[in-house]
Amino acid sequence: MSPGVLLLLAILCLLAGVVTGPFWSRGWLALNLAGTAAAFAAALLPLLGAPAWEWHGSLAVGGQLPHLRLDAVSGIFLCLLSVVGAAGAVYSREYWSDRHYPVSAPRGRAWWSGLLLSLLLVVTISNGLHFLIAWELFAVCGYFLITLERKRVAVRQAGWLYLAASHAGTLALFAFFALLANMTGSWELGPMRDQAALSPLIWLALFGFGVKAGLFPLHIWLPSAHANAPSHVSAMLSGVALKMGIYGIVRFSGWLPVPPAAGWVVIGLGAVSALLGIAFALAQNDCKRLLAYCSVENIGIILIGVGGGMLAVTTGDAHWGRLALAGALLHVWNHGAFKALLFLGAGSVLHATGTRQMSRLGGLWRTMPWTAGLFALGCLAVAGLPPLNGFVSEWLVYLGLFEAVTGKGREAWVAMPAIMMLALAGAMALASFAKAGAMIFLGAPRTQAAARAHECGPWMRQPMLVLAAICVLIGLMPLLFWPAIARAVGVWQPGWAESAVPASLGAIGLANVVLALLAVALAAGLWRKVSSNGVQRGLTWDCGYATPTARMQYSGGSFAGIGAGWFVWLLQPVRQLRRPRGVLPGGSFRLETMPDTMLERVLLPASDVILHISTAVRRLQHGRLQAYILYVVAGLAAVAGLVAMGGLR
């Protein structure tokens, strides 16, 4: 079956899902699974070696149909969209069911299908005007999914912030596509590398797509939107929607001539995003906000690789840039898989306990073993540890940067700081997810809600198992995925079409297999020993307390205090403290909250200043004619004075 037929089938199924979602839940799920399966099959064709497919059409009445294009670059993102979209649809059947949400669940199904359809069009449309329409539909569908629980004030605020940021990015993209059409004479999109005059437009694209990708400091909408959206929507936003910004940067940096400074800037922004994003994540107490800030870090990792590819194109040293770009494209898949898994795991915890605050959880591994195990696997993957997928893609990025350093060219000046910041971000990511896993699942329950938690059902568990299997498969068999990545790299830069397999990739896969087998053998041995000897329970070392309580456990703030203290200048925590007083103190507390510094300390104060200025200017418009005449006379006098001063000079 041709890619065109498969894409048409996917579009029709998702359109039917939009129509049937509000009143036919079972049929809606079948239509969404059929649509995502067709899209996945279409995306595999260029990744498996089929030539790029393109379709242009117009209606007989004169209207234009969207011009579609499917190649290996769009295939990578379409595969990710299909897998996470299908997993989220299945997960929502139990998590956001009609029984618990009779009003919002039906409309949520329709908006979900609309989101999948608009994202499919974003990665396949090759006409600038049609791209903008699909991009705006994507933003609108995302807004209504974020605000499904719109009775809560925090949800409405998160939705409006997301919409405002999306429209700011869309304005930049409108300017980008309008200027591109004006300079080329057509809205049609495609390779334009030979038109050097187009190179400055890449900066507009970087801003417009950077807002959607959550690039620091354009990430201001991301933490609140991901935290307050339903968890399957958060998985889609983080796993796929952020990647649409990456898709735009990758696509147009491959189609347009790249300015010499662009690679340096993108690597620098990626390194800053990786380090500062994980610094914010480490300090969070809300598990979904922690995951959201971690997405900023992983977007930074991807951009380091993309920037490396851009820099290699402009300097002529293709080999190290090819490795960095390949790592970035593989990390698109990897981050989509493990971050969707983590958000679905966080949704399972929220579904069972009713809270996202890690300080109110603990001990859930006893009552939620499936969720605990799958969440732990996601934590290992996101921390970039072997034998899972995050390690493979980060290693490719590191490998490219190391080659840039050993080459002793100008690239070493940006590659070396990027390596150091990436290494520090990796260490802090490990600390962040050690904190998250320990606070949520280990120790003793801190509240009655945590003590009464229950495991999720099969509709929520099965999508997490599929995503976990992808994390394991890519980690153990990276060579299986290399040809698809190499084809995407070759499409991005045709001179890199014959990308040789890195010598270390096979060794990494073999080492990961051995490590996984050793881990399984060790776990089986420990289980057999425990089963044969039995388990004896007793009090842990209690520091002299006869009856230790859950309140005596480490808190999230104490766990992350040292690491977060390094970035106190950026985090600027708000602390409330009441010290114990007297011989028999009645009570004390210490409360620390972490604001979003860029939003609350930079953007909102700046917007208040602009609002005050605009309010003052509006007072000049009061409807009195004599005042307007005075304004004109004053303006003319000022102009005459300037002219006179110019004449004297």
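Quick notes
- Candidates Ser74, Ser92: the one that is under 14 Å from Ala43 (Cα atoms), touching a Pro at 6+ places or on another chain (Cβ under 9 Å), surrounded by 24 or more Cβ atoms within 10 Å (Cβ to Cβ) and at pLDDT below 95 is Ser74.
- Output for region 166-195, where each listed residue is polar (S, T, N, Q) and closer than 28 Å to Cys141 by Cβ: Ser166, Thr170
- Any hit, region 363-377, residues being surrounded by fewer than 24 Cβ atoms within 10 Å (Cβ to Cβ), over 28 Å from Ala449 (Cα atoms) and among the hydroxyl-bearing types (Ser, Thr, Tyr): no
- Residue in region 266-280 that is assigned by TED's automatic domain parsing to the domain that holds Val489, part of a loop (DSSP other than H, G, I, E, B), buried (at least 24 other Cβ atoms within 10 Å of the Cβ) and at pLDDT below 90 present: no
- Of the criteria (1) more than 30 Å from Val405 (Cα to Cα); (2) over 17 Å from the mean Cα position of the chain (by Cα); (3) crowded, with 24+ Cβ neighbours inside 10 Å, which one Asn285 fails: (3)
- Residue identified as crowded, with 18+ Cβ neighbours inside 10 Å and polar (S, T, N, Q) among Thr184, Thr124: Thr124
- The residues of region 109-150 that are more than 22 Å from Pro22 (Cβ to Cβ) and free of Cβ contacts under 8 Å to residues at least 24 places away in the same chain amount to a single one, Ile133.
- When Ile474, Ile470 are screened for being at pLDDT 90 or above and closer than 24 Å to Gly307 by Cα, only Ile474 passes.
- Those residues of region 374-410 which are over 23 Å from the mean Cα position of the chain (by Cα) and over 20 Å from Ile485 (Cβ atoms), in sequence order: Val405, Thr406, Gly407, Lys408, Gly409, Arg410
Here's the yes/no breakdown for (1) without any contact (Cβ under 8 Å) to a residue 60 or more places away in the chain; (2) among the hydroxyl-bearing types (Ser, Thr, Tyr); (3) assigned by TED's automatic domain parsing to the domain that holds Met460:
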| residue | (1), (2), (3) |
| --- | --- |
| Ala337 | no, no, yes |
| Gly345 | no, no, yes |
| Val349 | no, no, yes |
| Thr353 | no, yes, yes |
| Ser359 | no, yes, yes |
| Thr371 | no, yes, yes |
| Ala376 | no, no, yes |
| Cys379 | yes, no, yes |
| Val382 | no, no, yes |
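- Annotation note: of Ala262, Ala241, the sole residue that is modelled with pLDDT of 90 or more and of a type in the set (A, V, I, L, M, F, W, C) is Ala241.
- Screening Arg322 on (1) among the basic types (Lys, Arg); (2) closer than 25 Å to Asn228 by Cβ; (3) crowded, with 24+ Cβ neighbours inside 10 Å shows it passes everything except condition (2).
- Within region 586-620, considering residues that are surrounded by 11 or more Cβ atoms within 10 Å (Cβ to Cβ) and of a type in the set (Lys, Arg), the one farthest from Val296 (Cα to Cα): Arg590
- Given (1) in contact with a helix residue (DSSP H, G or I) (Cβ under 8 Å, 6 or more places away or on another chain); (2) surrounded by fewer than 17 Cβ atoms within 10 Å (Cβ to Cβ); (3) closer than 15 Å to Asn127 by Cα, number of the condition Gln195 does not satisfy: (3)
- Between Gly373, Gly347, Gly378, the distinction of being part of a helix (DSSP H, G or I), modelled with pLDDT of 90 or more, farther than 29 Å from Ile508 by Cβ and not acidic (Asp, Glu) belongs to Gly347 only.
- Restricting attention to region 471-489 and to residues that are more than 23 Å from the chain's Cα centre (by Cα) and over 10 Å from Ala326 (Cα atoms), the residue that is surrounded by the most Cβ atoms within 10 Å (Cβ to Cβ) turns out to be Leu476.
For every residue, the table says whether it meets (1) outside any helix (DSSP H, G or I); (2) more than 30 Å from Leu276 (Cα to Cα); (3) at pLDDT 80 or above.
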{"position": "Ala564", "(1), (2), (3)": "no, no, no"}
{"position": "Trp569", "(1), (2), (3)": "no, no, no"}
{"position": "Pro595", "(1), (2), (3)": "yes, no, no"}
{"position": "Pro605", "(1), (2), (3)": "no, no, yes"}
{"position": "His622", "(1), (2), (3)": "yes, yes, no"}
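- Going through (1) part of a helix (DSSP H, G or I); (2) closer than 28 Å to Leu33 by Cβ one by one, Glu149 falls short only on (1).
- All positions within region 596-649 that are among the polar types (S, T, N, Q) and over 30 Å from Leu282 (Cα atoms): Ser614, Thr615, Gln621, Gln626
- Of the residues making up region 588-602, those that are hydroxyl-bearing (Ser, Thr, Tyr) and over 21 Å from the mean Cα position of the chain (by Cα) are Ser588, Thr593.
- Counted residues, region 115-130 - those being under 15 Å from Phe77 (Cα atoms) and in a helix (DSSP H, G or I): 10
The values are calculated or read from the model by the stated rules, or taken from the named source; none is laboratory data. It should be emphasised that the depicted structure is a prediction, and the values quoted were computed from it without experimental measurement. Quick reminder, even Gly has a Cβ in these numbers, built from the backbone with ideal geometry, and neighbours come from all protein chains shown.
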